[in-house]
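Data first, discussion second: the structure below is written as structure tokens.
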Amino acid sequence: QGQLVESGGGLVQAGEALRLSCAASGRTTGRTGFAWFRQAPGKEREFVARIDWGAFYTSYADSVKGRFTISRDNAKNTVDLQMINLKPDDTGVYYCAADPIGPITSPHYIYWGQGTQVTVSS
């Protein structure tokens with residue numbers, strides 16, 4: 001069993017910053033990749049950022065490049081998403097995911113957190 005718990009969401013104004021954190025436990029603490037996804041109201045869940053085990057590889061959705069940074073601390077079993085210059089379009093529930101099914105670029109993950117709400121007001 002593996003567990004992912006997200007934290008750090010909240011209500012901010014456009015232009016402000018937030019830092020999300022994902023705490024991993026159980027099987028999610030192995031040598032695996034992690035990712036952040038988000039789902040806006042009425043829309044499908046979309047990829048935001050991913051990182052491999054050694055943090056040598058990261059990738060981002062075009063909409064967040066230059067504003068979001070994914071990082072991980074393997075000693076603490078945490079994966080963070082630093083978000084700056086937030087926009088109203090960034091509003092949604094942010095989910096942490098672990099253990100991609102297939103290559104690191106796979107959109108399918110075995111473990112998912114419950115999500116944390118991020119709301120950006122204009």
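The values are calculated or read from the model by the stated rules, or taken from the named source; none is laboratory data. Here the structure is a predicted model, which is why all the values come from computation and not from measurement. Cβ coordinates were reconstructed from backbone atoms using ideal geometry, including for glycine residues, and neighbour counts include every protein chain displayed. Areas reflect the complete protein model, heavy atoms only, side chains present, ligands, DNA and RNA absent. Shrake-Rupley method; radii C 1.70, N 1.55, O 1.52, S 1.80 Å.
Okay, here's what the table says:
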item: Residue in the range 64-77 that is touching a strand residue (DSSP E or B) at 6+ places or on another chain (Cβ under 9 Å) and of a type in the set (Asp, Glu) present; result: yes
item: Inter-residue pairs, beta-carbon under 6 Å, first under 14 Å from VAL79 (Cα atoms) and open to solvent by 30 Å² or more (accessible area, probe 1.4 Å) and in the range 36-57, second not β-branched (Val, Ile, Thr) and not in a strand (DSSP E or B), 6+ apart; result: ASP52/GLY33; TRP53/ARG31
item: Inter-residue pairs, beta-carbon under 9 Å, first within 19 Å of GLY26 (Cα to Cα) and in the range 93-108, second open to solvent by 70 Å² or more (accessible area, probe 1.4 Å) and charged (D, E, K, R), 6+ apart; result: TYR95/ARG45; ALA98/ARG27; ASP99/ARG27
item: Residues of the range 106-122 satisfying the condition of being hydrophobic (A, V, I, L, M, F, W, C) and either open to solvent by less than 50 Å² (accessible area, probe 1.4 Å) or not in a strand (DSSP E or B) (or both); result: VAL118, VAL120
item: Those strands (runs of 3 or more DSSP E) lying entirely in the range 1-91 with at least 2 residues out of contact with any Cys (no Cβ under 6 Å at 6 or more places or on another chain) and under 18 Å from TYR109 (Cβ atoms); result: 2-7, 18-26, 34-39, 46-51, 58-60, 68-73, 78-83
item: Subset of the range 1-30 [at pLDDT below 95 and polar (S, T, N, Q)]; result: GLN1, GLN3, SER25, THR28, THR29
item: Answer from ASP52, ASP90 - the residue that is within 19 Å of ALA24 (Cβ to Cβ) and of a type in the set (D, E, K, R); result: ASP52
item: Subset tally (residues that are open to solvent by less than 50 Å² (accessible area, probe 1.4 Å) and either within 13 Å of ARG72 (Cα to Cα) or among the aliphatic types (A, V, I, L, M) (or both)) for the range 18-27; result: 6
item: Unique residue being at pLDDT below 95 and of a type outside the set (Gly, Ala, Ser) when the list is PHE56, PHE37; result: PHE56
item: Filtered residue count, the range 72-105, keeping only those that are closer than 19 Å to PHE56 by Cβ, over 13 Å from the mean Cα position of the chain (by Cα) and open to solvent by less than 40 Å² (accessible area, probe 1.4 Å); result: 1
item: Residue match in the range 60-67 (condition: of a type in the set (S, T, N, Q), at pLDDT 95 or above and surrounded by fewer than 17 Cβ atoms within 10 Å (Cβ to Cβ)); result: yes
